[in-house]
Amino acid sequence: MSKALKVMTFNIQQLPWLARKIGALPIVGSPGESPEPDPKGRALAVVRAILDLPVRDQPDVIAFNEAFSETARPVLISRLKSKYPHIIEKLEHPGPDFEEDSGLMLFSKLPFLTLPNGNNHIYEAFPKGAGSDAWAAKGVGIVRVNGPFDPTTIAFTHLQASYDAANTENADIRADQIEFIHKTLLDLADGNLQHYANSVIIGDFNIKGDPDDTSGEKNLVFSNTPNTFGGDFDDGWRVSMHPP
């Protein structure tokens, strides 16, 4: 039996100064400071939470969301790189369209394979965003890892947020972003995902999936329609996870 690949997605809530500028957090301190009162301490707590897991439960690949803090980023790298030496440190759009990077980081125990673009990763910024999310270069990063199992393609992302209590706002933008990820993976696989049969998409989807959800957004996203996101991908939480 082949070994299972263990992946983790972790929104570490290390927001940038921009979060104050646009009113998402109160304006205190000086420009350039992190909104977190102790970004290094928070980064150390994140590292400790991961490394304190039982060895059998430690992930092979970790995708961080909201890793915006330039103070915390080097702490994460220095403390995790001995166990996770293969790192995507920052994904950002090269143009002037955004004031912040994507907030995405990825750490892997497994080496990255070279992708068709000749690099060890692909990054594409979403064409659509709303509210304060539109200030950051949200998008999708893609890597491919090798190990004691078949090569696996991993797309990591952070979708558009809702700003209402029911988490229903901006569902149309999330749907557009999901289709963008789907198309990006199809393009990578020359239109046939069977060429990249082991593919995983992880990250903060900002889609409610708990029993009190009334939007139906999750069921719509994973509806089993041919040639759609739900037709090509299963909800990993539903089919692969187990109670903690």
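The values are calculated or read from the model by the stated rules, or taken from the named source; none is laboratory data. Here the structure is a predicted model, which means the values were calculated and not measured. Here the Cβ is made from the backbone with ideal geometry for all residues, glycine too, and neighbour counts use every protein chain on show. Side chains are part of the model used for accessible areas, which takes the heavy atoms of the whole protein and leaves out ligands, DNA and RNA. Shrake-Rupley method; radii C 1.70, N 1.55, O 1.52, S 1.80 Å.
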Subject >> Summed residue charge, Cβ within 13 Å of LEU159's Cβ, Lys/Arg positive, Asp/Glu negative >> reply: -3
Original post:
Using alpha carbon coordinates only, what is the Rg to Rh ratio of the chain, with Rh defined as the Kirkwood radius?
Top reply: 0.95
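Nearest 5 is fine: what % of DSSP beta bridges in the chain come out antiparallel, could you say? Each step should come with its number before you reach the end.
Details: 19 of 32 bridges.
Once the DSSP bridges in the chain are tallied, antiparallel ones form about 60 percent.
Subtract the Cα-Cα distance of PHE149 and LYS128 from 0.36 nm times their separation in residues, and report this length gain in nm to one decimal.
On the way: separation 21, 0.36 × 21 = 7.56 nm, distance 3.60 nm.
Full extension from PHE149 to LYS128 adds 4.0 nm.
If you roll a 1.4 Å probe over the chain with all protein chains in place, what percent of the accessible area is carbon or sulfur?
Working: 6620 of 12680 Å².
For the chain, the apolar C and S fraction of the accessible surface comes to 52 percent.
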**OP:** Could you tell me what fraction of 2.2 N^0.38 Å the Cα radius of gyration of the stretch 175-222 comes to, as a two-decimal ratio?
**Re:** 1.36
Subject >> Volume in Å³ per residue [convex hull over Cα atoms, computed for the stretch 43-150] >> reply: 128 Å³
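With a probe of 1.4 Å, find how much accessible area the chain has per residue, and write the answer as a whole number in Å².
Details: 12680 Å² over 244 residues.
For the chain, the solvent-accessible area averages 52 Å² per residue.
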Original post:
When you take every Cα atom in the stretch 116-244, what is the radius of gyration, and what is Dmax, the widest Cα pair distance, in Å?
Top reply: 15.1, 45
Original post:
What is the count of Lys pairs in the chain whose alpha carbons sit under 15 Å apart, if the two are 8 or more places apart or on different chains?
Top reply: 10
Subject >> Within the chain, helix-based [θ] at 222 nm, where runs of 4 or more DSSP H residues each add -39,500 (n - 2.57), nearest 500 >> reply: -6500 deg cm²/dmol
